Amino acid sequence: KKGDYVVILGLGFMGQVNIKLAKFYGAELTIGVDKVKYRLEKAIENGADYVIDFSNESVKEKVFEITGGYGADVVIVGPGTIEAIYSGLEIVAKGGKLVLFTPTPDDAILEIKPYEVYFKEISIIPSYSAGPDDTVEALELISKGIIKAEKFVTHRFKIENTLDAFMLTASAGESLKCMIVFD
């Protein structure tokens, strides 16, 4: 919401969209976190105020430095890993929200200290699926040009090259979203 400090962990396609949406809805500060240089650069293009390369910087130290010791009102955890969730818990501010945007494997176990969650009044919010209202809102954002496909579709492949599209996407390198086109 307006004035929030928002951190997005994971800057793939949905992380990039979340950067755009955070800015659109009035976030005062957005910080994107990833280890892929291409994605970090794209996050800046999409409106991130800061980016952190977690492969060579401490996310916790950098977030607290940027926010003057405050932390993040909202942390959106893109990667479905326990490590990413722990990283989010370390940087969420008192009264903040930790959004679990992607599922973990079904056998993953998250150990938390309820004392800290309780006294920091952290809300942990799963983001499983979009309902009809969310779909209508998404279509409005697209129709108004707030979310533009050309900003996120980085590669187009013919149907016979579908495997190449999957391989490029899986490499998490210089791509966000691949599209299969039919001629």
With a 1.4 Å probe and every protein chain left in place, work out the accessible area per residue of segment 5-126 in Å², rounded to a whole number.
52 Å²
What part of the accessible area of segment 113-183, given as a whole %, is carbon or sulfur when the probe is 1.4 angstrom?
60 percent
If one computes the Cα centroid of segment 1-50 and of segment 77-100, what distance in Å separates the two points?
15 Å
GNM flexibility winner over the chain from Asp164, Asp73, Asp53 (Cα, springs under 10 Å):
Asp164
Any idea what the relative contact order of segment 68-173 is, in percent, if you count C-alpha pairs under 8 Å spaced at least 6 apart?
20 percent
If you average the sequence gap of Cα pairs under 8 Å that are 6 or more apart and divide by the length of the chain, what percent do you get for the contact order?
17 percent
Correct option for Cα extents along the principal axes in Å [calculated from the coordinates] among (i) 58, 33, 20; (ii) 48, 45, 34; (iii) 58, 35, 32:
(iii)
Within segment 5-126: Cβ-based charge dipole about Cα centre, in debye rounded to nearest 20 (Lys, Arg +1; Asp, Glu -1)
260 debye
Could you work out how far the C-alpha centroid of segment 60-74 sits from that of segment 167-183, in angstrom?
33 Å
Pick from Lys158, Lys60, Lys42: which residue has the top mean-square fluctuation in a GNM of the chain where Cα pairs under 10 Å get a spring?
Lys158
Taking each full run of DSSP H in the chain as one helix, which ones are at least 24 Å long along their axis (Cα atoms) and have mean Kyte-Doolittle hydropathy of at least -0.5?
none
Using the Karplus curve 6.51 cos²θ - 1.76 cosθ + 1.60 with θ = phi - 60°, what ³J(HN,Hα) values do you get for each residue of segment 50-56, in whole Hz, with x for Gly and Pro?
9, 10, 10, 8, 5, 6, 9
With Cα springs under 10 Å, the Gaussian network model of the chain assigns the largest mean-square fluctuation among Tyr118, Tyr86, Tyr50 to Tyr118
Report, in deg cm²/dmol and to the nearest 500, the calculated mean residue ellipticity at 222 nm for the chain, where each DSSP H run with n ≥ 4 adds -39500 (n - 2.57) and the sum is divided by the residue count.
-11000 deg cm²/dmol
Taking every C-alpha to C-alpha distance in segment 108-183 and binning by 10 Å from 0, the per-bin percentages run 14, 23, 29, 23, 9, 2
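The values are calculated or read from the model by the stated rules, or taken from the named source; none is laboratory data. Just so you know, these numbers come straight off a predicted model, no measurement behind them. Neighbour counts run over all protein chains shown; Cβ positions are idealised from the backbone, glycine included. All accessible areas refer to the heavy atoms of the entire protein, side chains included, with ligands and DNA or RNA removed. Shrake-Rupley method; radii C 1.70, N 1.55, O 1.52, S 1.80 Å.
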